[in-house]
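Q: Once you've had a glance at the structure underneath, I'll fire off some questions.
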Amino acid sequence: MATNRGVVYLGPGKVEVQSIDFPELKNPKGKKITHGVILKVVSTNICGSDQHMVRGRTTAPAGLVLGHEITGEVVETGEDVEFLKKGDLVSVPFNVACGRCRTCKEMKTGICLTVNEGRAGGAYGYVDMGGWVGGQAEYVLVPYADFNLLKFPNKDQAMEKIRDLTMLSDIFPTGFHGAVKAGVGPGTTVYVAGAGPVGLAAAASAQLLGAAVVIVGDMNKARLAHARSFGCETVDLNEDANLADQIADILGVPEIDCAIDCVGFEASGHGAQAKTEVPAAVLNSLMEITRAGGAIGIPGLYVTDDPGATDKAAKTGNLSIRFGLGWAKSHSFHTGQTPVMSYNRQLMQAILYDKVQIAKAVNVEIISLDDAPKGYAEFDKGVARKFVINPHNLIPDVKKAKAAKETAVA
(Lines give C-alpha, C1' and ligand atoms only; values in the text may rest on other atoms or scores of the structure.)
Protein backbone atom coordinates (compact mmCIF):
# COMPACT_ATOMS: atom_id res chain seq x y z
CA MET A 1 0.00 0.00 0.00
CA ALA A 2 1.29 3.48 -0.89
CA THR A 3 2.56 5.56 2.01
CA ASN A 4 2.74 9.30 2.62
CA ARG A 5 4.29 11.67 5.15
CA GLY A 6 3.62 15.31 5.82
CA VAL A 7 4.31 18.28 8.10
CA VAL A 8 1.56 18.45 10.72
CA TYR A 9 0.68 21.41 12.98
CA LEU A 10 0.32 20.18 16.57
CA GLY A 11 -0.16 23.45 18.42
CA PRO A 12 1.54 26.84 18.91
CA GLY A 13 5.23 26.45 18.14
CA LYS A 14 4.98 22.75 17.34
CA VAL A 15 5.14 20.96 13.99
CA GLU A 16 6.09 17.37 13.31
CA VAL A 17 6.61 15.11 10.30
CA GLN A 18 4.06 12.32 10.57
CA SER A 19 2.59 9.51 8.50
CA ILE A 20 -0.55 10.82 6.83
CA ASP A 21 -3.13 9.34 4.48
CA PHE A 22 -2.11 8.82 0.89
CA PRO A 23 -4.27 11.19 -1.19
CA GLU A 24 -7.35 9.90 -2.99
CA LEU A 25 -9.42 11.49 -5.74
CA LYS A 26 -11.91 12.85 -3.20
CA ASN A 27 -12.82 16.31 -1.98
CA PRO A 28 -12.55 17.29 1.72
CA LYS A 29 -16.07 15.94 2.34
CA GLY A 30 -15.12 12.54 0.95
CA LYS A 31 -16.98 12.86 -2.34
CA LYS A 32 -15.23 11.17 -5.26
CA ILE A 33 -13.97 13.60 -7.90
CA THR A 34 -12.85 12.87 -11.45
CA HIS A 35 -11.25 16.22 -12.25
CA GLY A 36 -8.24 15.92 -9.95
CA VAL A 37 -4.72 14.55 -10.04
CA ILE A 38 -2.35 13.17 -7.45
CA LEU A 39 1.14 14.65 -7.43
CA LYS A 40 4.46 13.35 -6.22
CA VAL A 41 5.76 16.50 -4.55
CA VAL A 42 9.09 17.66 -6.01
CA SER A 43 9.36 20.84 -3.94
CA THR A 44 7.22 22.59 -1.37
CA ASN A 45 8.08 25.80 0.43
CA ILE A 46 7.68 27.10 3.96
CA CYS A 47 5.73 30.37 3.79
CA GLY A 48 5.45 33.27 6.19
CA SER A 49 1.69 32.66 6.17
CA ASP A 50 2.36 29.18 7.54
CA GLN A 51 4.30 30.80 10.37
CA HIS A 52 1.26 32.82 11.46
CA MET A 53 -0.53 29.53 12.11
CA VAL A 54 2.43 27.84 13.74
CA ARG A 55 2.87 30.80 16.10
CA GLY A 56 -0.71 30.29 17.25
CA ARG A 57 -1.93 33.53 15.70
CA THR A 58 -4.88 31.95 13.89
CA THR A 59 -7.64 29.48 14.74
CA ALA A 60 -5.84 26.66 12.91
CA PRO A 61 -6.76 23.27 14.45
CA ALA A 62 -4.18 20.77 15.65
CA GLY A 63 -3.66 18.03 13.09
CA LEU A 64 -3.66 20.36 10.07
CA VAL A 65 -1.27 19.19 7.33
CA LEU A 66 0.59 22.33 6.29
CA GLY A 67 1.80 23.63 2.95
CA HIS A 68 0.37 25.59 0.04
CA GLU A 69 3.47 26.26 -2.11
CA ILE A 70 3.71 23.08 -4.20
CA THR A 71 5.48 21.87 -7.34
CA GLY A 72 5.06 18.24 -8.33
CA GLU A 73 4.96 15.43 -10.86
CA VAL A 74 1.63 13.91 -11.92
CA VAL A 75 1.38 10.25 -10.83
CA GLU A 76 -2.38 9.68 -11.15
CA THR A 77 -5.15 11.42 -13.09
CA GLY A 78 -8.91 11.41 -12.74
CA GLU A 79 -10.88 10.16 -15.72
CA ASP A 80 -12.07 13.66 -16.65
CA VAL A 81 -8.58 15.17 -16.77
CA GLU A 82 -7.89 15.89 -20.45
CA PHE A 83 -4.74 18.00 -20.73
CA LEU A 84 -2.34 16.47 -18.22
CA LYS A 85 -0.71 13.07 -18.10
CA LYS A 86 1.45 11.01 -15.79
CA GLY A 87 4.99 12.35 -15.65
CA ASP A 88 4.10 16.00 -16.28
CA LEU A 89 5.91 18.47 -14.01
CA VAL A 90 3.57 21.19 -12.81
CA SER A 91 3.31 24.25 -10.56
CA VAL A 92 0.31 24.38 -8.21
CA PRO A 93 -1.21 27.81 -7.54
CA PHE A 94 -1.89 28.02 -3.81
CA ASN A 95 -5.45 29.08 -4.67
CA VAL A 96 -7.83 26.14 -4.99
CA ALA A 97 -10.21 27.26 -7.72
CA CYS A 98 -13.00 25.56 -9.65
CA GLY A 99 -12.69 27.53 -12.90
CA ARG A 100 -16.47 27.58 -13.25
CA CYS A 101 -17.91 30.12 -10.81
CA ARG A 102 -18.39 33.83 -11.44
CA THR A 103 -15.16 34.96 -9.78
CA CYS A 104 -13.05 32.23 -11.41
CA LYS A 105 -14.39 33.27 -14.82
CA GLU A 106 -13.24 36.78 -13.96
CA MET A 107 -9.79 35.25 -13.10
CA LYS A 108 -10.24 36.23 -9.46
CA THR A 109 -9.14 32.75 -8.47
CA GLY A 110 -8.17 33.80 -4.96
CA ILE A 111 -11.87 34.14 -4.12
CA CYS A 112 -13.41 31.09 -5.81
CA LEU A 113 -17.00 30.73 -4.63
CA THR A 114 -17.33 26.95 -4.61
CA VAL A 115 -14.26 25.31 -3.03
CA ASN A 116 -14.83 26.56 0.53
CA GLU A 117 -18.17 26.57 2.30
CA GLY A 118 -17.00 29.02 4.95
CA ARG A 119 -16.01 31.96 2.77
CA ALA A 120 -14.79 32.89 -0.69
CA GLY A 121 -11.40 31.43 -1.50
CA GLY A 122 -9.67 28.11 -0.90
CA ALA A 123 -6.07 27.03 -0.31
CA TYR A 124 -4.10 23.92 0.55
CA GLY A 125 -3.14 23.31 4.16
CA TYR A 126 -4.53 26.55 5.54
CA VAL A 127 -6.97 27.52 8.25
CA ASP A 128 -10.53 28.35 7.14
CA MET A 129 -9.66 27.71 3.49
CA GLY A 130 -11.84 24.71 2.68
CA GLY A 131 -10.14 21.75 4.34
CA TRP A 132 -7.86 20.89 1.40
CA VAL A 133 -4.89 18.84 2.62
CA GLY A 134 -1.55 20.65 2.55
CA GLY A 135 1.38 19.87 0.30
CA GLN A 136 4.34 19.87 2.68
CA ALA A 137 4.20 16.16 2.08
CA GLU A 138 5.37 13.42 -0.24
CA TYR A 139 2.10 13.28 -2.20
CA VAL A 140 -0.88 15.63 -2.52
CA LEU A 141 -4.25 15.88 -4.30
CA VAL A 142 -4.97 18.78 -6.65
CA PRO A 143 -8.62 19.21 -7.77
CA TYR A 144 -9.82 20.83 -11.01
CA ALA A 145 -6.39 19.96 -12.36
CA ASP A 146 -6.81 21.06 -15.98
CA PHE A 147 -7.78 24.53 -14.79
CA ASN A 148 -5.41 24.94 -11.86
CA LEU A 149 -2.10 23.45 -12.88
CA LEU A 150 0.67 25.15 -14.84
CA LYS A 151 2.62 22.55 -16.82
CA PHE A 152 6.27 23.28 -17.47
CA PRO A 153 7.00 22.95 -21.21
CA ASN A 154 10.31 21.12 -20.81
CA LYS A 155 10.76 18.88 -17.79
CA ASP A 156 14.56 18.70 -17.91
CA GLN A 157 14.88 22.47 -18.29
CA ALA A 158 12.42 22.97 -15.44
CA MET A 159 14.39 20.71 -13.09
CA GLU A 160 17.51 22.74 -13.83
CA LYS A 161 15.65 25.86 -12.68
CA ILE A 162 13.49 24.24 -10.01
CA ARG A 163 14.77 26.53 -7.24
CA ASP A 164 13.29 29.47 -9.13
CA LEU A 165 10.22 27.74 -10.54
CA THR A 166 9.10 26.48 -7.12
CA MET A 167 8.45 30.14 -6.27
CA LEU A 168 5.62 30.28 -8.85
CA SER A 169 3.10 28.61 -6.53
CA ASP A 170 2.81 31.66 -4.27
CA ILE A 171 5.68 33.89 -3.23
CA PHE A 172 6.76 35.25 -6.62
CA PRO A 173 3.22 35.94 -7.96
CA THR A 174 2.28 37.36 -4.55
CA GLY A 175 5.19 39.79 -4.53
CA PHE A 176 4.53 40.64 -8.17
CA HIS A 177 0.81 41.17 -7.48
CA GLY A 178 1.65 43.57 -4.65
CA ALA A 179 3.92 45.53 -6.98
CA VAL A 180 1.38 45.61 -9.83
CA LYS A 181 -1.43 46.78 -7.55
CA ALA A 182 0.84 49.44 -6.07
CA GLY A 183 1.27 50.84 -9.59
CA VAL A 184 4.95 49.97 -10.02
CA GLY A 185 6.24 50.72 -13.50
CA PRO A 186 9.25 52.19 -15.30
CA GLY A 187 10.86 55.01 -13.36
CA THR A 188 8.76 54.70 -10.21
CA THR A 189 10.07 54.93 -6.66
CA VAL A 190 8.94 52.03 -4.48
CA TYR A 191 8.91 51.27 -0.76
CA VAL A 192 8.52 47.64 0.35
CA ALA A 193 7.61 47.14 4.00
CA GLY A 194 9.20 43.90 5.17
CA ALA A 195 12.35 42.07 4.04
CA GLY A 196 11.04 38.56 4.55
CA PRO A 197 10.73 36.28 1.53
CA VAL A 198 7.56 37.95 0.19
CA GLY A 199 9.08 41.40 0.66
CA LEU A 200 12.20 40.33 -1.20
CA ALA A 201 10.04 38.81 -3.95
CA ALA A 202 8.12 42.08 -4.18
CA ALA A 203 11.38 44.02 -4.41
CA ALA A 204 12.65 41.75 -7.21
CA SER A 205 9.28 42.12 -8.93
CA ALA A 206 9.48 45.91 -8.73
CA GLN A 207 12.89 45.76 -10.39
CA LEU A 208 11.47 43.48 -13.09
CA LEU A 209 8.70 46.03 -13.68
CA GLY A 210 11.24 48.83 -14.19
CA ALA A 211 11.25 50.71 -10.89
CA ALA A 212 13.93 53.40 -10.65
CA VAL A 213 14.54 52.85 -6.93
CA VAL A 214 13.35 50.08 -4.62
CA ILE A 215 13.64 50.74 -0.88
CA VAL A 216 13.09 47.91 1.59
CA GLY A 217 12.34 48.56 5.26
CA ASP A 218 12.78 46.04 8.07
CA MET A 219 14.27 45.56 11.55
CA ASN A 220 16.28 42.46 10.66
CA LYS A 221 19.80 43.47 9.67
CA ALA A 222 20.59 40.17 7.90
CA ARG A 223 17.49 40.46 5.74
CA LEU A 224 18.27 44.10 4.94
CA ALA A 225 21.80 43.09 3.93
CA HIS A 226 20.38 40.50 1.57
CA ALA A 227 18.05 43.10 0.02
CA ARG A 228 21.08 45.29 -0.67
CA SER A 229 22.84 42.32 -2.30
CA PHE A 230 20.57 42.57 -5.35
CA GLY A 231 20.40 46.34 -5.66
CA CYS A 232 17.81 47.56 -3.17
CA GLU A 233 18.17 50.56 -0.91
CA THR A 234 17.24 49.84 2.71
CA VAL A 235 15.79 51.48 5.79
CA ASP A 236 16.51 50.11 9.28
CA LEU A 237 13.28 50.56 11.25
CA ASN A 238 15.09 50.03 14.54
CA GLU A 239 16.44 53.54 14.18
CA ASP A 240 14.63 56.21 16.15
CA ALA A 241 13.91 58.31 13.08
CA ASN A 242 10.79 59.26 11.16
CA LEU A 243 10.26 56.96 8.16
CA ALA A 244 9.57 59.91 5.85
CA ASP A 245 12.90 61.46 6.85
CA GLN A 246 14.68 58.18 6.16
CA ILE A 247 13.04 58.06 2.74
CA ALA A 248 14.13 61.64 2.11
CA ASP A 249 17.73 60.73 2.94
CA ILE A 250 17.64 58.32 -0.01
CA LEU A 251 15.39 60.08 -2.54
CA GLY A 252 15.70 63.73 -1.58
CA VAL A 253 11.95 63.89 -0.96
CA PRO A 254 9.96 62.32 1.90
CA GLU A 255 7.60 60.32 -0.30
CA ILE A 256 7.46 57.45 -2.74
CA ASP A 257 5.23 56.65 -5.71
CA CYS A 258 4.27 53.09 -4.78
CA ALA A 259 4.07 51.20 -1.48
CA ILE A 260 3.82 47.46 -0.79
CA ASP A 261 2.87 45.98 2.60
CA CYS A 262 4.63 42.60 2.94
CA VAL A 263 4.30 42.43 6.72
CA GLY A 264 0.62 42.04 7.56
CA PHE A 265 -1.08 41.89 10.92
CA GLU A 266 1.92 40.85 13.05
CA ALA A 267 3.48 44.29 12.58
CA SER A 268 5.60 46.20 15.07
CA GLY A 269 6.14 49.89 15.58
CA HIS A 270 9.23 51.80 14.47
CA GLY A 271 12.16 53.13 16.46
CA ALA A 272 11.36 53.16 20.16
CA GLN A 273 8.34 50.93 19.44
CA ALA A 274 10.31 48.41 17.39
CA LYS A 275 9.71 45.62 19.90
CA THR A 276 6.05 46.50 20.46
CA GLU A 277 3.31 44.90 18.37
CA VAL A 278 1.25 47.54 16.58
CA PRO A 279 -0.99 45.75 14.03
CA ALA A 280 -1.75 48.83 11.93
CA ALA A 281 1.78 50.29 12.02
CA VAL A 282 2.69 49.36 8.45
CA LEU A 283 -0.57 50.50 6.88
CA ASN A 284 -0.46 53.84 8.69
CA SER A 285 3.20 54.44 7.82
CA LEU A 286 2.55 53.66 4.16
CA MET A 287 -0.25 56.22 3.98
CA GLU A 288 2.17 58.79 5.39
CA ILE A 289 4.90 58.24 2.80
CA THR A 290 2.90 57.43 -0.34
CA ARG A 291 2.38 60.40 -2.65
CA ALA A 292 -1.06 61.88 -3.19
CA GLY A 293 -2.84 59.76 -5.79
CA GLY A 294 -0.49 56.83 -5.19
CA ALA A 295 -1.39 53.22 -4.51
CA ILE A 296 -0.69 50.70 -1.77
CA GLY A 297 -0.52 47.00 -2.57
CA ILE A 298 -1.21 44.79 0.45
CA PRO A 299 -0.11 41.18 -0.06
CA GLY A 300 0.70 41.02 3.66
CA LEU A 301 -1.80 38.81 5.50
CA TYR A 302 -4.60 40.24 7.66
CA VAL A 303 -6.91 37.83 9.48
CA THR A 304 -10.46 37.93 10.77
CA ASP A 305 -9.54 36.13 14.00
CA ASP A 306 -6.25 36.53 15.88
CA PRO A 307 -6.29 34.80 19.28
CA GLY A 308 -2.78 36.08 20.03
CA ALA A 309 -3.52 39.75 19.41
CA THR A 310 -2.30 42.33 21.88
CA ASP A 311 -5.63 44.16 22.15
CA LYS A 312 -9.28 43.14 22.15
CA ALA A 313 -10.19 44.82 18.85
CA ALA A 314 -7.34 43.19 16.94
CA LYS A 315 -8.50 39.74 18.07
CA THR A 316 -11.32 40.09 15.54
CA GLY A 317 -9.30 41.88 12.87
CA ASN A 318 -10.24 45.42 13.88
CA LEU A 319 -7.23 47.71 13.50
CA SER A 320 -6.68 51.39 14.33
CA ILE A 321 -6.09 52.54 10.78
CA ARG A 322 -5.80 56.24 10.00
CA PHE A 323 -8.07 55.81 7.01
CA GLY A 324 -8.87 59.52 6.82
CA LEU A 325 -5.29 60.22 5.77
CA GLY A 326 -5.50 57.71 2.93
CA TRP A 327 -8.83 59.14 1.85
CA ALA A 328 -7.50 62.73 1.92
CA LYS A 329 -4.54 61.70 -0.26
CA SER A 330 -6.77 59.76 -2.71
CA HIS A 331 -4.85 56.54 -2.15
CA SER A 332 -5.84 53.29 -3.76
CA PHE A 333 -5.64 50.14 -1.61
CA HIS A 334 -5.63 46.58 -2.88
CA THR A 335 -5.95 43.66 -0.50
CA GLY A 336 -6.66 39.94 -0.55
CA GLN A 337 -5.29 36.62 -1.72
CA THR A 338 -3.20 36.81 -4.89
CA PRO A 339 -4.87 35.30 -7.99
CA VAL A 340 -1.75 33.30 -8.87
CA MET A 341 -3.01 32.24 -12.29
CA SER A 342 -3.06 35.86 -13.42
CA TYR A 343 0.74 35.93 -13.28
CA ASN A 344 2.35 32.50 -13.05
CA ARG A 345 2.71 31.71 -16.76
CA GLN A 346 4.36 35.05 -17.55
CA LEU A 347 6.65 34.78 -14.53
CA MET A 348 7.56 31.23 -15.57
CA GLN A 349 8.71 32.62 -18.92
CA ALA A 350 10.73 35.33 -17.18
CA ILE A 351 12.50 32.62 -15.18
CA LEU A 352 13.06 30.26 -18.12
CA TYR A 353 14.52 33.06 -20.23
CA ASP A 354 16.75 34.39 -17.44
CA LYS A 355 15.02 37.72 -16.91
CA VAL A 356 14.89 37.25 -13.14
CA GLN A 357 16.67 35.18 -10.51
CA ILE A 358 13.98 34.93 -7.88
CA ALA A 359 15.63 32.08 -5.90
CA LYS A 360 18.71 34.26 -5.43
CA ALA A 361 16.59 37.25 -4.44
CA VAL A 362 14.77 35.34 -1.69
CA ASN A 363 17.88 33.30 -0.74
CA VAL A 364 16.58 29.75 -1.21
CA GLU A 365 17.89 26.95 0.99
CA ILE A 366 16.93 23.35 0.18
CA ILE A 367 16.07 21.10 3.15
CA SER A 368 14.72 17.58 3.56
CA LEU A 369 11.19 16.80 4.68
CA ASP A 370 12.55 15.55 7.99
CA ASP A 371 14.27 18.90 8.54
CA ALA A 372 11.02 20.86 8.08
CA PRO A 373 10.48 21.41 11.84
CA LYS A 374 14.01 22.84 12.08
CA GLY A 375 13.27 25.03 9.07
CA TYR A 376 10.18 26.42 10.79
CA ALA A 377 12.18 27.17 13.92
CA GLU A 378 14.95 28.92 11.98
CA PHE A 379 12.48 30.91 9.89
CA ASP A 380 10.71 32.03 13.06
CA LYS A 381 14.03 33.43 14.31
CA GLY A 382 14.19 35.68 11.25
CA VAL A 383 16.93 34.04 9.21
CA ALA A 384 17.40 35.60 5.79
CA ARG A 385 16.49 32.43 3.91
CA LYS A 386 13.54 30.89 2.08
CA PHE A 387 13.26 27.21 3.00
CA VAL A 388 12.31 24.82 0.20
CA ILE A 389 11.45 21.26 1.24
CA ASN A 390 12.75 18.44 -0.98
CA PRO A 391 10.55 15.45 -0.01
CA HIS A 392 11.95 12.88 -2.45
CA ASN A 393 15.48 14.26 -2.84
CA LEU A 394 14.76 15.14 -6.47
CA ILE A 395 16.22 18.64 -6.49
CA PRO A 396 19.74 18.55 -7.92
CA ASP A 397 22.66 19.80 -5.84
CA VAL A 398 23.78 22.97 -7.63
CA LYS A 399 27.32 22.91 -6.26
CA LYS A 400 27.87 19.27 -7.23
CA ALA A 401 26.39 19.80 -10.69
CA LYS A 402 28.59 22.86 -11.26
CA ALA A 403 31.70 20.97 -10.11
CA ALA A 404 30.87 18.02 -12.39
CA LYS A 405 30.35 20.36 -15.34
CA GLU A 406 33.66 22.12 -14.70
CA THR A 407 35.42 18.75 -14.44
CA ALA A 408 33.88 17.60 -17.71
CA VAL A 409 35.00 20.79 -19.49
CA ALA A 410 38.53 20.43 -18.10
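The values are calculated or read from the model by the stated rules, or taken from the named source; none is laboratory data. What you see is a predicted model; the values in this text were computed from it and never measured. Backbone-built Cβ (ideal geometry, glycine too); neighbour counts: all protein chains shown. These area figures cover heavy atoms from the full protein model, side chains too; ligands, DNA and RNA do not enter into them. Shrake-Rupley method; radii C 1.70, N 1.55, O 1.52, S 1.80 Å.
Q: When only residues in region 215-244 that are part of a helix (DSSP H, G or I) and of a type in the set (Gly, Ala, Ser) count, which is farthest from residue 285 (Cα to Cα)?
A: 229
Q: Could you run through region 1-44 and say how many residues are in a loop (DSSP other than H, G, I, E, B), buried (at least 18 other Cβ atoms within 10 Å of the Cβ) and small (Gly, Ala, Ser)?
A: Residues that pass the stated criteria total 1.
Q: Which members of region 238-268 meet the condition of being within 23 Å of the chain's Cα centre (by Cα) and farther than 13 Å from residue 289 by Cα?
A: Result: 262, 263, 264, 265, 266, 267, 268.
Q: I would also like to ask the following. Give the residue that is nearest to residue 307 (Cα to Cα), with candidates limited to residues of region 252-282 that are out of contact with any helix residue (DSSP H, G or I) (no Cβ under 7 Å at 6 or more places or on another chain), open to solvent by less than 20 Å² (accessible area, probe 1.4 Å) and hydrophobic (A, V, I, L, M, F, W, C).
A: Here the residue is 265.
Q: For region 182-208, which positions are in contact with a helix residue (DSSP H, G or I) (Cβ under 6 Å, 6 or more places away or on another chain), assigned to a loop (DSSP other than H, G, I, E, B) and open to solvent by 10 Å² or more (accessible area, probe 1.4 Å)?
A: Once the filter is applied, which keeps residues that are in contact with a helix residue (DSSP H, G or I) (Cβ under 6 Å, 6 or more places away or on another chain), assigned to a loop (DSSP other than H, G, I, E, B) and open to solvent by 10 Å² or more (accessible area, probe 1.4 Å), region 182-208 yields 184, 196.
Q: Taking the condition of being free of Cβ contacts under 8 Å to residues at least 24 places away in the same chain and either over 23 Å from residue 210 (Cβ atoms) or aromatic (Phe, Trp, Tyr) (or both), how many residues in region 223-245 meet it?
A: Of the residues in that region, 3 qualify.
Q: Same structure, new question: Can you list the helices (runs of 4 or more DSSP H) found entirely within region 284-388 that contain at least 3 residues being crowded, with 18+ Cβ neighbours inside 10 Å?
A: Here the list reads 344-352, 358-362, 372-380.
Q: Go over the candidates 134, 118 one by one and state the one that is at pLDDT below 95, assigned to a loop (DSSP other than H, G, I, E, B) and either closer than 23 Å to residue 24 by Cβ or of a type in the set (A, V, I, L, M) (or both).
A: Exactly one of 134, 118 is at pLDDT below 95, assigned to a loop (DSSP other than H, G, I, E, B) and either closer than 23 Å to residue 24 by Cβ or of a type in the set (A, V, I, L, M) (or both), namely 118.
Q: Sticking with this structure for a sec: Could you please let me know if residue 65 is within 19 Å of residue 370 (Cα to Cα), surrounded by 15 or more Cβ atoms within 10 Å (Cβ to Cβ) and of a type outside the set (Phe, Trp, Tyr)?
A: yes
Q: With 147, 176, 152 as the choices, which residue is over 26 Å from residue 16 (Cα atoms), open to solvent by 20 Å² or more (accessible area, probe 1.4 Å) and either more than 17 Å from the chain's Cα centre (by Cα) or not hydrophobic (A, V, I, L, M, F, W, C) (or both)?
A: Exactly one of 147, 176, 152 is over 26 Å from residue 16 (Cα atoms), open to solvent by 20 Å² or more (accessible area, probe 1.4 Å) and either more than 17 Å from the chain's Cα centre (by Cα) or not hydrophobic (A, V, I, L, M, F, W, C) (or both), namely 147.
Q: Also, quick follow-up: Need the failing condition index for residue 59 against (1) among the hydroxyl-bearing types (Ser, Thr, Tyr); (2) closer than 25 Å to residue 367 by Cβ; (3) at pLDDT below 95, just the number.
A: Condition not satisfied by residue 59: (2).
Q: Step by step: first the residues of region 155-169, then only those that are touching a residue at least 24 places away in the same chain (Cβ under 8 Å) and open to solvent by 10 Å² or more (accessible area, probe 1.4 Å), then the one that is farthest from residue 203 (Cα to Cα). Which residue is that?
A: 155
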